[in-house]
1. Could you list all residues from region 97-112 that are open to solvent by 40 Å² or more (accessible area, probe 1.4 Å) and either in contact (Cβ under 8 Å) with a residue 60 or more places away in the chain or under 17 Å from L75 (Cα atoms) (or both)?
2. Has region 150-173 got at least one residue that is among the hydroxyl-bearing types (S, T, Y), outside any helix (DSSP H, G or I), open to solvent by less than 60 Å² (accessible area, probe 1.4 Å) and at pLDDT below 95?
3. Which residues, taken from region 131-149, are within 12 Å of the chain's Cα centre (by Cα), open to solvent by 10 Å² or more (accessible area, probe 1.4 Å) and either within 20 Å of Q84 (Cβ to Cβ) or among the hydrophobic types (A, V, I, L, M, F, W, C) (or both)?
4. Could you list all residues from region 114-126 that are touching a residue at least 12 places away in the same chain (Cβ under 8 Å) and either assigned to a strand (DSSP E or B) or open to solvent by 10 Å² or more (accessible area, probe 1.4 Å) (or both)?
5. Restricting the search to region 69-101, which residues are assigned to a helix (DSSP H, G or I) and small (G, A, S)?
6. Residues being within 14 Å of the chain's Cα centre (by Cα) and in contact (Cβ under 8 Å) with a residue 60 or more places away in the chain: count how many of those fall in region 59-82.
7. State all residues of region 129-147 that are of a type in the set (S, T, N, Q) and not in a helix (DSSP H, G or I); if no residue qualifies, say none.
8. Among (1) over 20 Å from L146 (Cα atoms); (2) at pLDDT 95 or above; (3) surrounded by fewer than 14 Cβ atoms within 10 Å (Cβ to Cβ), there is one condition G71 misses while meeting the rest; what is its number?
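The values are calculated or read from the model by the stated rules, or taken from the named source; none is laboratory data. Quantities reported herein were computed from a predicted structural model and do not represent experimental measurements. Cβ placement follows ideal geometry from the backbone for every residue including glycine, while neighbour counts extend to all protein chains displayed. Just so you know, the surface numbers come from the protein's heavy atoms only, side chains and all, with ligands and any DNA or RNA stripped out. Shrake-Rupley method; radii C 1.70, N 1.55, O 1.52, S 1.80 Å.
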Amino acid sequence: MIKTTIYTVILGTIVLSSGAIATPVKNPNFTPMLSNVSRATFKMAASSIINTAALEQSVFIQINNYRTSQGLPALTRNAAIDNQARIHSQDMANGKVPFGHTGFSERIQAIGISYTAAGENVAYNQGYSDPATIAVQGWLKSPGHLANIKGNYDKTGIGLAATSTGKVYFTQIFLR
């Protein structure tokens, strides 16, 4: 008998311009981990092979593909926004801040770009062969996250951080 471990994707969203905050939701679309691999072995392998830069680019491409498929303009990726998104993901991964939007206003101010609206999507997941796609698909199924993705924004930044156990934290910040 093959033992399979299942993890969920946890998502969070925040929109500054409207003041609405959506609470985190659990993704009901569970995907099993690799079979015939012990959990400890998977965790060690996952933490050493996760390419966060490639995953960030994957999120960026998937979000822009979705936006353009909806007749919306593509977002421009900004290095200063990426930096703040990475810091937040790393802070969540290290347990410095809880999963969510703690410090959102400070993050936006630290970017140093003039803006009229800002939003943020966060997620984490573990045990998936394509964590970026799982995060994006979860965001697209969530009304609050989707509102940010479809929002009247023109700039974005994406940052990921992985823990030693293979849990991947995602932050995407949107600005206009």
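1. Hits for region 97-112 are F99, S105.
2. Let us first name the residues in region 150-173 that are among the hydroxyl-bearing types (S, T, Y), namely 153, 156, 163-165, 169, 171.
Right, trim to outside any helix (DSSP H, G or I) and you get 153, 156, 163-165, 169, 171.
Next, only the ones that are open to solvent by less than 60 Å² (accessible area, probe 1.4 Å) stay: 153, 156, 163, 165, 169, 171.
When the remaining residues are screened for being at pLDDT below 95, the result is 163, 165.
Yes, the conditions are met somewhere in region 150-173.
3. I134, L140
4. Narrowing region 114-126 to residues touching a residue at least 12 places away in the same chain (Cβ under 8 Å): 115-126.
Within region 114-126, Y115, T116, A118, G119, E120, N121, V122, A123, Y124, N125, Q126 qualify.
5. To start, the set of residues in region 69-101 that are assigned to a helix (DSSP H, G or I) comprises 69, 79-93.
Result: S69, A79, A80, A85, S89, A93.
6. At the first step, the residues of region 59-82 found to be within 14 Å of the chain's Cα centre (by Cα) are 59-63, 81-82.
Narrowing further to those that are in contact (Cβ under 8 Å) with a residue 60 or more places away in the chain: 59-60, 62-63, 81-82.
Result for region 59-82: 6.
7. S129, S142
8. Here G71 clears every test but (1).
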